[in-house]
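Okay, structure first, notes after.
The values are calculated or read from the model by the stated rules, or taken from the named source; none is laboratory data. Only a predicted model underlies this, so the values are computations on that prediction, with no experimental measurement involved. All Cβ positions, even for glycine, are placed from backbone atoms using ideal geometry, and neighbour counts span all protein chains on display. Side chains are part of the model used for accessible areas, which takes the heavy atoms of the whole protein and leaves out ligands, DNA and RNA. Shrake-Rupley method; radii C 1.70, N 1.55, O 1.52, S 1.80 Å.
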Amino acid sequence: TQAPVNVTVTGAAGQIGYALLFRIASGQLLGQDVPVKLRLLEIPQAVKAAEGTAMELEDGAFPLLAGTDIFDDPKQAFEGTNIALLVGARPRSKGMERGDLLEANGGIFKPQGEAINAGAADDVKVLVVGNPANTNALIARSHAPDVPADRFTAMTRLDHNRALAQLAKKLGVPVTELKKVAIWGNHSATQYPSVQHAEFGGKSIAEAVDQAWLENDFIPTVAKRGAAIIEARGLSSAASAASAAIDHVYTWVNGTPAGDWTSAAVVSDGSYGVPEGLISSFPVTAKDGKYEIVQGLEIDEFSRTRIDASVAELVEERDTVQKLGLI
Ligand code: NAI
């Protein structure tokens with residue numbers, strides 16, 4: 001029998017954590033035959049709540065769950081970890097400037113990057129969910145110089161899934177018919193959900209819908225969906241975010257199907273004019289446990305403008321954290 005895979009989840013007592021942990025325990029993160037050991041990281045004040053969740057995990061009697069340990073020290077939490085899900089982050093409070101937000105998160109993601117560098121398993125894969133996800137991932141990565149850059153990713157799979165759902169509804173087809181939708185740029189309102197290369201049942205989506213719908217309806221609906229959920233639920237997206245995190249890691253480990261791709265924020269190699277080193281969302285394929293940026297796509301003028309605008313925001317965030325000495 002296989003040794004359990006160590007999965008570290010930060011912010012484990014939060015709302016995404018609550019939705020995520022049970023899906024990991026049930027085998028949906030890696031596959032139905034892979035045992036997992038959970039390592040939960042929380043701040044000291046939330047350790048008790050995490051213990052409550054661990055009791056419930058125990059009560060699930062999950063066949064694939066080899067145990068749950070709880071930590072308030074990143075060094076311990078990332079010891080030997082194979083999959084690190086960085087969910088806990090500092091939310092923006094009222095009146096907080098973007099610089100303050102980035103600085104507060106630097107205080108979280110710098111030590112976590114260092115702890116991953118020091119103690120994680122050689123095959124560690126990191127997914128940053130906590131916002132601002134792309135730049136938090138950049139901070140963590142810059143403090144983990146011994147870990148290959150391509151192991152650091154940030155989540156835009158929720159945006160990708162939101163785009164699939166909107167398109168399926170508009171076209172009246174199941175999501176399984178949709179291929180080659182892509183999220184570009186930052187996980188923020190500037191993101192660019194693109195259908196330029198997308199297909200449904202082998203036909204072009206860009207030709208089947210009009211540009212006005214794309215610009216005035218589809219793109220803003222996807223990009224502002226997080227705010228719409230908060231408005232309706234009084235709380236930010238949690239179960240859908242957890243579900244997307246499961247999808248991101250499952251695809252990373254098990255691969256994308258032939259003839260399709262997905263979206264993830266990965267370290268740029270300079271493709272498509274995105275400055276090298278930025279953690280930006282691209283269309284990606286996964287094979288043999290690696291995400292790779294889809295190469296050679298033609299980018300039309302509309303897409304170019306949208307991608308550039310979102311990447312400009314990422315450059316600004318990078319420059320801010322650089323000035324703050326966080327990277
Ligand atoms: P939450 O506030 O319910 O939970 C966050 C948890 O993180 C809390 O339990 C808190 O104690 C913990 N935490 C804070 N600092 C920590 C640290 N240094 N180490 C370990 N744990 C720490 O928030 P929720 O709803 O679970 O969301 C988590 C993050 O995910 C937020 O930043 C949110 O903006 C982001 N998010 C990202 C999405 C994406 O698509 N990338 C989608 C939805 C949410």
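Only one of (1) surrounded by fewer than 24 Cβ atoms within 10 Å (Cβ to Cβ); (2) part of a helix (DSSP H, G or I); (3) not acidic (Asp, Glu) is not met by THR135, so which one is it?
(1)
Listed here are the residues, each with its yes/no results for (1) hydrophobic (A, V, I, L, M, F, W, C); (2) away from the ligand (no atom under 13 Å from the Cβ); (3) in a helix (DSSP H, G or I).
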site	(1), (2), (3)
ALA227	yes, no, yes
ILE230	yes, no, yes
VAL253	yes, yes, yes
THR256	no, yes, no
ALA264	yes, no, no
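Need the failing condition index for VAL222 against (1) under 22 Å from GLN196 (Cα atoms); (2) open to solvent by 10 Å² or more (accessible area, probe 1.4 Å), just the number.
It is condition (2) that VAL222 fails.
So which residues in segment 117-144 are free of Cβ contacts under 8 Å to residues at least 40 places away in the same chain and under 22 Å from GLU292 (Cβ atoms), if there are any at all?
ASP122, ALA144
Need pairs with beta-carbon distance below 7 Å; first residue at positive phi and within segment 280-301, second β-branched (Val, Ile, Thr) and surrounded by 12 or more Cβ atoms within 10 Å (Cβ to Cβ); sequence gap 6+ or separate chains.
If the second residue must be β-branched (Val, Ile, Thr) and surrounded by 12 or more Cβ atoms within 10 Å (Cβ to Cβ), the pairs left are GLY289/VAL253.
How many residues are out of contact with any Ser or Thr (no Cβ under 8 Å at 6 or more places or on another chain) and touching a residue at least 12 places away in the same chain (Cβ under 8 Å) when one looks only at segment 34-51?
Of the residues in segment 34-51, 9 are out of contact with any Ser or Thr (no Cβ under 8 Å at 6 or more places or on another chain) and touching a residue at least 12 places away in the same chain (Cβ under 8 Å).
Report whether or not ARG92 is more than 18 Å from VAL7 (Cβ to Cβ) and either touching a Ser or Thr at 6+ places or on another chain (Cβ under 9 Å) or within 13 Å of the ligand (Cβ to nearest atom) (or both).
yes
Pull up segment 286-327, narrow it to residues that are over 21 Å from VAL195 (Cα atoms) and touching a strand residue (DSSP E or B) at 6+ places or on another chain (Cβ under 8 Å), then point me to the one that is surrounded by the fewest Cβ atoms within 10 Å (Cβ to Cβ).
Restricting to residues being over 21 Å from VAL195 (Cα atoms) and touching a strand residue (DSSP E or B) at 6+ places or on another chain (Cβ under 8 Å), the top hit is GLY289.
Identify, from the list GLN15, GLN28, the residue that is in contact with a Leu (Cβ under 7 Å, 6 or more places away or on another chain) and not hydrophobic (A, V, I, L, M, F, W, C). Reasoning before the result, please.
Working: GLN28 fails: in contact with a Leu (Cβ under 7 Å, 6 or more places away or on another chain).
Of GLN15, GLN28, the one residue that is in contact with a Leu (Cβ under 7 Å, 6 or more places away or on another chain) and not hydrophobic (A, V, I, L, M, F, W, C) is GLN15.
Would you point out the residue of segment 27-51, among those that are among the small types (Gly, Ala, Ser) and either in contact with a strand residue (DSSP E or B) (Cβ under 7 Å, 6 or more places away or on another chain) or more than 20 Å from LEU86 (Cα to Cα) (or both), that is farthest from the ligand (Cβ to nearest atom)?
GLY31
Which ones in segment 156-200 are assigned to a strand (DSSP E or B) and closer than 23 Å to GLY277 by Cβ?
Going through segment 156-200, the residues assigned to a strand (DSSP E or B) turn out to be 178-179, 182-185, 192-194, 199-200.
Answer for segment 156-200, where residues must be assigned to a strand (DSSP E or B) and closer than 23 Å to GLY277 by Cβ: ALA182, ILE183, TRP184, GLY185, TYR192, SER194.
Could you check segment 96-140 and list, in sequence order, the residues that are of a type in the set (Lys, Arg) and more than 12 Å from the ligand (Cβ to nearest atom)?
If the condition is that a residue be of a type in the set (Lys, Arg) and more than 12 Å from the ligand (Cβ to nearest atom), then ARG98, LYS125 are the ones that fit.
Which residue pairs have Cβ atoms under 8 Å apart, sit 6 or more places apart or on different chains, and have a first residue in segment 91-112 that is within 17 Å of GLN322 (Cβ to Cβ) and a second that is basic (Lys, Arg) and not in a helix (DSSP H, G or I)?
Pairs found: LEU101/ARG90; LEU101/ARG92; ALA104/ARG90; ASN105/ARG90; GLY107/ARG90.
Would you check which residues across segment 266-285 are outside any loop (DSSP other than H, G, I, E, B), open to solvent by less than 10 Å² (accessible area, probe 1.4 Å) and over 22 Å from LEU29 (Cβ atoms) and list them?
Once the filter is applied, which keeps residues that are outside any loop (DSSP other than H, G, I, E, B), open to solvent by less than 10 Å² (accessible area, probe 1.4 Å) and over 22 Å from LEU29 (Cβ atoms), segment 266-285 yields SER280, PHE282, PRO283.
Within segment 257-273, identify whether any single residue is farther than 24 Å from VAL315 by Cβ and touching a Pro at 6+ places or on another chain (Cβ under 9 Å), and answer yes or no. Steps first, please.
Applying the first criterion (farther than 24 Å from VAL315 by Cβ) to segment 257-273 yields 257-262.
Imposing the further condition that a residue be touching a Pro at 6+ places or on another chain (Cβ under 9 Å) reduces the set to 261-262.
Among the residues of segment 257-273, at least one is farther than 24 Å from VAL315 by Cβ and touching a Pro at 6+ places or on another chain (Cβ under 9 Å), which makes the answer yes.
Answer yes or no as to whether VAL173 is farther than 20 Å from VAL284 by Cβ, among the β-branched types (Val, Ile, Thr) and modelled with pLDDT of 95 or more.
yes
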